[in-house]
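For reference, the structure is listed below as structure tokens.
The values are calculated or read from the model by the stated rules, or taken from the named source; none is laboratory data. This one's a predicted model, so the numbers in the text were calculated from it and none came from an experiment. Please note: Cβ atoms are built from the backbone with ideal geometry, for glycine as well, and neighbour counts cover all protein chains shown.
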Number of protein chains: 2
Amino acid sequence: MKIIVAGGDGFCGWPTALYLSKQGHDVAIIDNMIRREWDNELHSNSITPIATLEERVAKWKELTGKEIRTYEGDLNHYDFLREVLKREKPDAFAHFAEQRSAPYSMIDRSHAVFTQVNNVAGTLNVLYGIKEIVPDCHLIKLGTMGEYGLPNIPIEEGYIEIEHKGRKDVLPYPKQPGSFYHLSKVHDSHNIMFACKIWGIRATDLNQGVVYGLDTEETKMDPVLTNRLDYDGVFGTALNRFIIQSTIGHDLTVYGKGGQTRGFLNIKDTVRCIEIAAENPAEQGEFRVFNQFTEDFSVLELAELVKKVAAEEGLETAVSHIENPRVEKEEHFYQAENTKLRDLGLEPHLLTEEVVREILQTVVEHKDRVIKENVLPKVTWK
Amino acid sequence: MKIIVAGGDGFCGWPTALYLSKQGHDVAIIDNMIRREWDNELHSNSITPIATLEERVAKWKELTGKEIRTYEGDLNHYDFLREVLKREKPDAFAHFAEQRSAPYSMIDRSHAVFTQVNNVAGTLNVLYGIKEIVPDCHLIKLGTMGEYGLPNIPIEEGYIEIEHKGRKDVLPYPKQPGSFYHLSKVHDSHNIMFACKIWGIRATDLNQGVVYGLDTEETKMDPVLTNRLDYDGVFGTALNRFIIQSTIGHDLTVYGKGGQTRGFLNIKDTVRCIEIAAENPAEQGEFRVFNQFTEDFSVLELAELVKKVAAEEGLETAVSHIENPRVEKEEHFYQAENTKLRDLGLEPHLLTEEVVREILQTVVEHKDRVIKENVLPKVTWK
């Protein structure tokens with residue numbers, strides 16, 4: 001299958017491109033390299049040293065004989081996108097190419113506007129590109145579990161049957177996202193649903209949980225293939241951030257009470273979920289939603305888990321509760337469905353102490369690269 | 001009360017500015033004059049000749065002694081918006097300043113992207129401006145009944161209580177809008193709800209139905225104050241378009257079966273609704289939604305009504321069903337709540353034959369201005 005991975009130089013996109021290539025798919029990457037620029041803007045870095053995209057795909061070809069074509073450009077440049085679609089004629093378009101950090105979107109007005117315009121207009125271009133050039137192409141779009149927010153009823157996969165005043169309908173699940181970034185994904189979902197309806201586009205929205213981990217079988221094959229790993233207050237996410245804090249003698253900083261519960265998944269499951277979606281495409285005109293996570297944890301549970309494993313590795317650390325930079329509930333009901341991907345064959349990599357230990361051991365090798373002043377959150381929601 | 005009317009040169013904004021000024025409020029208009037540019041782009045016009053904004057406010061001052069200050073500029077230029085907010089320190093900000101045509105947003109990719117970026121980023125700027133400069137200012141935002149789409153259950157005002165798997169919550173009403181324009185308003189609603197929650201902004205989202213009519217007491221005071229009236233396939237809306245078709249001997253062109261049912265209101269009620277919202281502001285942090293329409297009609301009912309009144313005026317016309325340029329249901333359930341504005345004092349101007357006759361008589365005076373090739377729809381959803 002011919003698959004484009006947009007955002008294929010990023011944390012999720014790069015291992016996905018490798019995995020799909022290894023599985024025998026014909027993969028091309030689109031990326032505008034902006035994630036690397038944001039490191040410069042924020043004076044931050046990946047704790048793992050990462051090679052350039054050119055070096056990465058050259059090494060992959062050397063090791064496997066498989067070619068991953070690369071297109072450096074921006075989905076917001078429609079002429080560029082059209083040319084790539086014309087040349088590649090993909091069967092599936094896996095779309096990771098968005099600004100994906102909630103804190104980044106909350107830095108200030110211009111970052112909020114940038115995030116929404118970049119993500120929403122980029123995705124509109126993808127929809128028009130598919131309509132115009134490759135109408136049968138399956139759009140696999142990365143959404144987020146954060147689109148749902150924290151309702152006091154169970155979260156379903158995209159839709160909910162509502163009975164009201166004696167009538168019934170199945171409607172899009174109500175959305176209450178918690179940042180301008182999460183809002184941009186909600187906007188995307190509404191736009192895509194509409195495009196499926198009027199143009200017959202086939203699309204799968206993968207409402208992904210928080211991704212942890214670093215390596216996949218493929219990224220481990222050579223240091224040049226290493227994936228990026230973020231730990232800073234802007235791009236770092238809960239579990240990975242705690243692990244890195246533990247290796248540099250930093251307290252594990254839980255925001256507020258730490259009762260915030262979210263869905264999580266291993267990066268190894270992210271790459272498999274994309275393959276499952278690609279191999280089981282949505283119907284023409286169908287806007288399908290899968291909740292892409294494997295387990296849920298509270299932030300405090302994760303901190304305690306990391307503390308325990310770190311101690312076993314000789315790294316003494318404490319859990320500290322810092323003022324929550326976000327406006328969010330710290331204790332709440334949380335129950336979310338996630339059966340559709342498992343029904344299609346996902347076999348989850350669950351979070352064990354061994355998994356934490358493995359990430360931790362990799363991080364320890366690179367701990368001298370941590371820029372300590374970036375670890376704590378500086379962006380607030382207020 | 002100090003009120004800014006953004007989009008105050010437009011079809012709804014101009015009569016609103018006059019009405020609020022007459023009621024004794026201190027009114028300032030922001031407008032970037034782009035609605036007049038779109039007439040040039042589309043080779044179209046208002047059937048009524050309209051004066052420049054400068055002439056309009058000068059005449060208003062001459063007739064009433066009341067000053068309406070004007071600021072020519074774009075909400076997407078944040079520095080401009082900040083300066084206006086600093087100078088005016090408004091108590092309320094009535095926000096009509098968006099691209100408001102569904103067909104315009106569906107012309108092509110660049111019009112879709114323009115509509116969403118213009119509307120969403122402009123409103124984000126307004127939210128940041130209020131947060132930064134006038135945190136107590138009440139945002140009165142024009143939404144649309146089209147945000148809800150056509151669910152098979154009754155439409156409530158913004159929120160719905162859902163019972164699911166033994167639990168209950170009151171959640172944002174699910175949205176299924178039918179164009180990239182309507183989608184932009186859904187995106188706005190989500191963004192505003194979030195800003196209210198995190199920053200304590202007070203906001204009222206007025207999900208307005210289709211507005212018909214032309215005159216208010218104020219716009220009738222002098223020809224220079226005349227409101228614009230659109231009839232073309234892009235900016236013209238159902239009832240007004242039928243009336244104009246009847247005056248030029250054109251068939252009344254119903255899209256498809258004509259069973260499409262929508263909420264409607266007279267422009268005289270639009271202006272009053274803004275006043276009601278302003279005088280009864282939302283609480284700090286409250287995102288309040290009112291459904292702003294007074295009656296619902298099917299498109300075919302409106303065509304038949306116009307045909308009857310036109311015949312009485314000596315204008316013989318026929319109702320013809322043309323191919324629907326939109327992708328929409330032509331027969332469907334429709335029941336929408338609209339009690340909140342009436343509970344606050346709205347006394348609707350209902351649609352009678354007399355009302356149609358009055359609009360028709362005004363239109364007849366200007367029928368030579370109609371550019372006939374603009375009457376039929378050219379933009380399709382496919």
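Would you check if there is a residue in region B:185-204 being out of contact with any Ser or Thr (no Cβ under 6 Å at 6 or more places or on another chain) and in a loop (DSSP other than H, G, I, E, B)?
Checked region B:185-204: at least one residue is out of contact with any Ser or Thr (no Cβ under 6 Å at 6 or more places or on another chain) and in a loop (DSSP other than H, G, I, E, B).
Restricting attention to region B:197-230, report how many residues are out of contact with any Phe, Trp or Tyr (no Cβ under 8 Å at 6 or more places or on another chain) and within 14 Å of chain A (Cβ to nearest Cβ).
Within region B:197-230, residues that are out of contact with any Phe, Trp or Tyr (no Cβ under 8 Å at 6 or more places or on another chain) and within 14 Å of chain A (Cβ to nearest Cβ) number 3.
Which condition number in (1) more than 9 Å from every other protein chain (Cβ to nearest Cβ); (2) crowded, with 24+ Cβ neighbours inside 10 Å is the one that residue A:124 fails?
Answer for residue A:124: the failing condition is (1).
Taking residue A:108 as meeting all but one of (1) more than 11 Å from every other protein chain (Cβ to nearest Cβ); (2) surrounded by fewer than 17 Cβ atoms within 10 Å (Cβ to Cβ); (3) of a type outside the set (Val, Ile, Thr), write down the number of the exception.
Going through the list (1) more than 11 Å from every other protein chain (Cβ to nearest Cβ); (2) surrounded by fewer than 17 Cβ atoms within 10 Å (Cβ to Cβ); (3) of a type outside the set (Val, Ile, Thr), residue A:108 breaks only (1).
Go through region B:1-112 and tell me which helices (runs of 4 or more DSSP H), entirely inside it, have 1 or more residues that are closer than 22 Å to residue B:183 by Cα.
Helices (runs of 4 or more DSSP H) meeting the threshold: B:13-22, B:34-41, B:102-105.
Any chance region A:119-126 includes a residue that's over 22 Å from residue B:184 (Cα atoms) and either in contact (Cβ under 8 Å) with a residue 40 or more places away in the chain or not in a helix (DSSP H, G or I) (or both)?
no
Six or more apart or on different chains, Cβ atoms under 7 Å: show the pairs whose first residue is in region A:140-156 and more than 11 Å from residue A:175 (Cβ to Cβ) and within 10 Å of chain B (Cβ to nearest Cβ) and whose second is in a loop (DSSP other than H, G, I, E, B) and among the charged types (D, E, K, R).
Pairs that qualify, where the first residue is more than 11 Å from residue A:175 (Cβ to Cβ) and within 10 Å of chain B (Cβ to nearest Cβ) and the partner is in a loop (DSSP other than H, G, I, E, B) and among the charged types (D, E, K, R), are A:150/A:329; A:153/B:165; A:154/A:337; A:154/B:165; A:156/A:337.
Just one of (1) away from chain A (no Cβ under 12 Å); (2) in contact with a Ser or Thr (Cβ under 7 Å, 6 or more places away or on another chain); (3) touching a residue at least 60 places away in the same chain (Cβ under 8 Å) trips up residue B:53, so point out which.
Among (1) away from chain A (no Cβ under 12 Å); (2) in contact with a Ser or Thr (Cβ under 7 Å, 6 or more places away or on another chain); (3) touching a residue at least 60 places away in the same chain (Cβ under 8 Å), the lone unmet condition for residue B:53 is (3).
Only one of B:272, B:288 is assigned to a strand (DSSP E or B), surrounded by 16 or more Cβ atoms within 10 Å (Cβ to Cβ) and charged (D, E, K, R); which?
The conditions single out B:288.
Any chance region A:314-328 includes a residue that's among the acidic types (Asp, Glu), out of contact with any Pro (no Cβ under 6 Å at 6 or more places or on another chain) and under 30 Å from residue A:189 (Cα atoms)?
Checking region A:314-328: at least one residue is among the acidic types (Asp, Glu), out of contact with any Pro (no Cβ under 6 Å at 6 or more places or on another chain) and under 30 Å from residue A:189 (Cα atoms).
Among the residues of region B:174-194, what is the count of those that are more than 7 Å from chain A (Cβ to nearest Cβ) and more than 19 Å from the chain's Cα centre (by Cα)?
Summing the residues that are more than 7 Å from chain A (Cβ to nearest Cβ) and more than 19 Å from the chain's Cα centre (by Cα) in region B:174-194 gives 1.
Taking the residues in region B:318-365 that are under 20 Å from the mean Cα position of the chain (by Cα) and of a type in the set (Lys, Arg) as candidates, determine which candidate is farthest from residue A:196 (Cα to Cα).
Checked region B:318-365; the qualifying residue farthest from residue A:196 (Cα to Cα) is B:342.
Take region A:359-377 and flag every residue that is without any contact (Cβ under 8 Å) to a residue 12 or more places away in the chain and closer than 27 Å to residue A:290 by Cβ.
Those that are without any contact (Cβ under 8 Å) to a residue 12 or more places away in the chain and closer than 27 Å to residue A:290 by Cβ: none in region A:359-377.
Suppose the filter is surrounded by fewer than 21 Cβ atoms within 10 Å (Cβ to Cβ), within 13 Å of chain B (Cβ to nearest Cβ) and hydroxyl-bearing (Ser, Thr, Tyr); does residue A:71 pass it?
No.
Would a scan of region A:329-343 turn up a residue that is away from chain B (no Cβ under 14 Å) and hydrophobic (A, V, I, L, M, F, W, C)?
Looking through region A:329-343, at least one residue is away from chain B (no Cβ under 14 Å) and hydrophobic (A, V, I, L, M, F, W, C).
Anything in region B:240-266 that is in a helix (DSSP H, G or I) and touching a helix residue (DSSP H, G or I) at 6+ places or on another chain (Cβ under 6 Å)? List them, or say none.
B:242, B:243, B:244, B:246, B:247
Every residue, every condition in (1) modelled with pLDDT of 95 or more; (2) in contact with a helix residue (DSSP H, G or I) (Cβ under 9 Å, 6 or more places away or on another chain); (3) within 18 Å of residue A:275 (Cα to Cα), yes or no:
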position	(1), (2), (3)
A:34	yes, yes, no
A:48	yes, yes, no
A:51	yes, yes, no
A:65	yes, no, no
A:92	yes, yes, yes
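Is it the case that region A:6-19 has a residue that's within 20 Å of residue A:281 (Cα to Cα) and more than 18 Å from the chain's Cα centre (by Cα)?
No: zero hits.
Starting from residues that are at the interface with chain A (Cβ under 7 Å from one of its Cβ atoms) and part of a strand (DSSP E or B), keep the ones in region B:157-167 and report whichever is farthest from the chain's Cα centre (by Cα).
So, considering only residues that are at the interface with chain A (Cβ under 7 Å from one of its Cβ atoms) and part of a strand (DSSP E or B), the one farthest from the chain's Cα centre (by Cα) is B:167.
For region B:6-28, what are the residues that are aliphatic (A, V, I, L, M), crowded, with 24+ Cβ neighbours inside 10 Å and in contact with a helix residue (DSSP H, G or I) (Cβ under 8 Å, 6 or more places away or on another chain)?
If the condition is that a residue be aliphatic (A, V, I, L, M), crowded, with 24+ Cβ neighbours inside 10 Å and in contact with a helix residue (DSSP H, G or I) (Cβ under 8 Å, 6 or more places away or on another chain), then B:6, B:18, B:20, B:27 are the ones that fit.
Assuming residue A:135 fulfils every condition listed in (1) part of a helix (DSSP H, G or I); (2) farther than 19 Å from residue B:111 by Cα; (3) in contact (Cβ under 8 Å) with a residue 40 or more places away in the chain; (4) not acidic (Asp, Glu) apart from one, which condition is it?
(1)
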